[in-house]
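Report on one structure; see the data block that follows.
Please treat every number below as a calculation from the coordinates, not as lab data. If you're wondering where the values come from, they're calculated on a predicted model, not measured in any experiment. So basically every Cβ, Gly included, is an ideal-geometry build from the backbone, and we count neighbours across all protein chains shown.
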DNA sequence: AGGTATTCACATGAAACTATTCTCTGAGTTAGG
DNA sequence: TAACTCAGAGAATAGTTTCATGTGAATACCTGT
């Protein structure tokens, strides 16, 4: 039996609620950035010295996710490059996201990524790091120019690698004869500069700018503006935008989250053949985002993580039946060992499993709290924090993934 | 009763090891002149 | 003799093990009343 797809497609086109969905996508760069005037101005002020051919101060930006840091810097960068072009000033401003796994999450790879952006070539491995440094120097020092490196999510890089590499970068200026480098560090972690080598702190933090979270009203503005362009007229009510903003404001004012929510709510409304984006779709979108995130994590984590998670899963189940409500690291490890024997997998040390538990905690799948049981030692008390309507689905994914 | 010292069961840290992937180098091999 | 092949040395990285040290508070152990 053939399904009549023609109708589905036809109505999909006709009933589209979107004018331009890409406006709500996270990589979209809007041409105005509301409620960030002050920060943009500050960044611009500091970088403006480029136009006088002076090296700008190193700059450090921090604020939670989705507070417009990256967007603001990109914006200033674009404007500045235009201006510099007009004035014939030699500048390179390169943006590197230090969190991208396999691309720029180690000292070597960050350097390699920069070099690549500057037009050089570096093999993925096999070269000593200092050789990569000299290649970098060679590449930029051939003429008088200013090089600004924007390092997004530096905190990630630094606690993965050590702060030595930022120090190296700042120190590089003394080895350059013609060119000069400035750094712009961007971090989500407000406390990042506190636990970092003082030399790095003073050089990277020559100037600091804080991006506070958006409040619900500001988020509403942002959403309002984008919705006007992204959706067709009359599709989104005032109340819907307000609710969406309120949801995101609860999550530490994350604009990215708000936009995602809006976009997915739109998609869901379309799928349901609704003429408008209704309030209930915001709720559904919220659930869907959460759900997709969890399922994605569970599917993509490596086998050992799944084994540990599966152990926690089973123990949680057992604890409900037998009524002993608390689960500790030791319990998990025992179950895990048994599970490894059963699946003929090699058993990791408790040390490692302890770290894995901590990592699963970071991912938000469980809630692990270090507690002391007094004479009975110190452990993590572990609680599953996957909503119960997903349990079945998650369990089947793991069973399949582990071949149980 | 009130105070302190112990002790448990891991947490947390640092270093070292392993396997894999990749480059570079130089010895040995090959083919053409 | 130039070009080519291939093994071995050296690097980077991810994931782990080994060794070492840290730790919060329930309990055991005193002490003096």
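Listed values, structure above:
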| quantity | calculated |
| --- | --- |
| Per-bin percent of Cα-Cα distances, the stretch A:214-292 [10 Å] | 21, 58, 20, 0 |
| Order of A:295, A:348 - criterion: other Cβ atoms within 10 Å of each residue's Cβ, fewest first | A:295, A:348 |
| Antiparallel DSSP beta bridges within chain A, as percent of all bridges there, nearest 5 | 30 |
| For the stretch A:101-145 and the stretch A:74-96, distance of Cα centres in Å | 21 |
| Tensor-based shape of the stretch A:110-163 (alpha-carbon gyration tensor, a/c under 1.5 rounded, otherwise prolate or oblate) | oblate |
| Residue order, fewest to most beta carbons within 10 Å, for A:381, A:395, A:400 | A:400, A:381, A:395 |
| Whether the stretch A:243-371 is rounded, prolate or oblate, judged on the alpha carbon gyration tensor where a/c under 1.5 counts as rounded | prolate |
| Relative contact order (percent, whole number), the stretch A:122-223, Cα cutoff 8 Å, 6+ residue spacing | 29 |
| Burial ranking of peptide ranges A:190-200, A:304-314 (average Cβ count within 10 Å, highest at the top) | A:304-314, A:190-200 |
| Debye intensity ratio I(q)/I(0), log10, chain A, q values 0.08, 0.10, 0.14 Å⁻¹ (C-alpha model) | -0.60, -0.90, -1.27 |
